[in-house]
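The values are calculated or read from the model by the stated rules, or taken from the named source; none is laboratory data. Just so it is clear, the structure is predicted and the values come from calculations on it, not from any experiment. Using ideal geometry, Cβ is built from the backbone for each residue, glycine included, and neighbour counts are taken over all protein chains shown.
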């Protein structure tokens, strides 16, 4: 149940991405973990499957973030493929163009200086949503979904503090800290403990990122305690 806030301009995108995952599942912070298959790509690696939650290519100016979503996939688990390859393939310019896909549901946010989009797979249909200019949020359902409590609560706040200068990351981190005054079990929380909702996942880290025609940069911030701002 990850969360991403993204601000799209005509030639640049800035984003704040919060990763929720099982704290017992091993992972690695930002690094060039795939030198043979994806040289130059930097990302946050899932050790179990070897894929990435977030990945970016500084030279190609491409970034991708993977968010899980519910699905109606009708396959035995032995036939289900990991979603971890999606972000890595995306920054290499390879993404699914049609279903069916042997994967559980996902939202794949793809960011370039020229355009951003979300590819959504629910086990039946693969859909594309263009991310238009302005500030948007996405979590486990559709872009700017008003039925997602944290989006309904915080999207107006992020939109009203739309970044316009070099201080954008600090302002959005301050707003994230404000959101963390909510209990992590609250549906409106962005820093989350999803165990009470039936998922063994908690917020582990957040990243700020900027992608433009000049550069692609990502900074990660690991939480000292899962699900706690601290």
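Within region 208-219, does at least one residue satisfy the condition of being within 16 Å of the chain's Cα centre (by Cα) and outside any strand (DSSP E or B)? No, there is no match, as no residue in region 208-219 is within 16 Å of the chain's Cα centre (by Cα) and outside any strand (DSSP E or B). Residues in region 1-54 that are in contact with a helix residue (DSSP H, G or I) (Cβ under 9 Å, 6 or more places away or on another chain), farther than 18 Å from residue 94 by Cβ and at pLDDT below 95: how many? Within region 1-54, residues that are in contact with a helix residue (DSSP H, G or I) (Cβ under 9 Å, 6 or more places away or on another chain), farther than 18 Å from residue 94 by Cβ and at pLDDT below 95 number 1.
Checking 69, 62, 48, 83 one by one, the residue that is in contact with a strand residue (DSSP E or B) (Cβ under 9 Å, 6 or more places away or on another chain) and either exposed (fewer than 12 other Cβ atoms within 10 Å of the Cβ) or farther than 26 Å from residue 116 by Cα (or both) is 48 and no other. Screening residue 147 with (1) in contact (Cβ under 8 Å) with a residue 40 or more places away in the chain; (2) surrounded by fewer than 17 Cβ atoms within 10 Å (Cβ to Cβ); (3) in a loop (DSSP other than H, G, I, E, B) gives one miss only, at (1). The residues listed here are 9, 26; of these, the one that is closer than 22 Å to residue 175 by Cβ and either surrounded by 24 or more Cβ atoms within 10 Å (Cβ to Cβ) or over 16 Å from the mean Cα position of the chain (by Cα) (or both) is 9.
Exactly one condition in (1) surrounded by 12 or more Cβ atoms within 10 Å (Cβ to Cβ); (2) in contact (Cβ under 8 Å) with a residue 60 or more places away in the chain is not met by residue 133; state its number. Going through the list (1) surrounded by 12 or more Cβ atoms within 10 Å (Cβ to Cβ); (2) in contact (Cβ under 8 Å) with a residue 60 or more places away in the chain, residue 133 breaks only (1).
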